[in-house]
Amino acid sequence: MGMRGGATRFGGIDVLEYSPAGSLESTTLTAQSETNPSDVQWAMDFLLYGAIAATRTVLPAMREAGAGTLLYTNGASSVDPTPMLGNLNAAQAALRNWVLSLHKELTRHRRQGRTPRAAPSGRRRRSP
């Protein structure tokens, strides 16, 4: 059952938590200096484009309902890159940027009434 089927069956989707994970056998990890465009394309398809597609599936109904939560929990390497994850670092940074922009867009609309919220992971903790 896809997200649309789940929304129909359960009367809507209140929370989207997006955190895809591949198996070690199916995930190609590359160091920065060894990363090819095709390595980054795979990661972009998996992390960024999947998040955009999932969001576009649920966001219209969340906006109509005036409520909802969007959580994207991949992205630690977007804040603190790991050299052995060269292809994932780039895709996670793209996802984080997109989510932060979405958050700003939704925050602007929230001032006009209730609206969904988007929250990225991978934020640094502030020093006391």
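We did not get these values from a lab; they are worked out from the coordinates using the rules stated. Because the structure is a prediction, the values reported are computed rather than measured. Cβ placement follows ideal geometry from the backbone for every residue including glycine, while neighbour counts extend to all protein chains displayed.
In what sequence, highest mean first, do 85-94, 48-57, 68-77, 32-41 appear when ranked by Cβ atoms within 10 angstrom?
85-94, 68-77, 48-57, 32-41
Once you put a point 7 Å from the Cα of D45 and another 7 Å from the Cα of M84, both along the Cβ direction, what distance in nm separates them?
Label at D45, label at M84, 2.5 nm between them.
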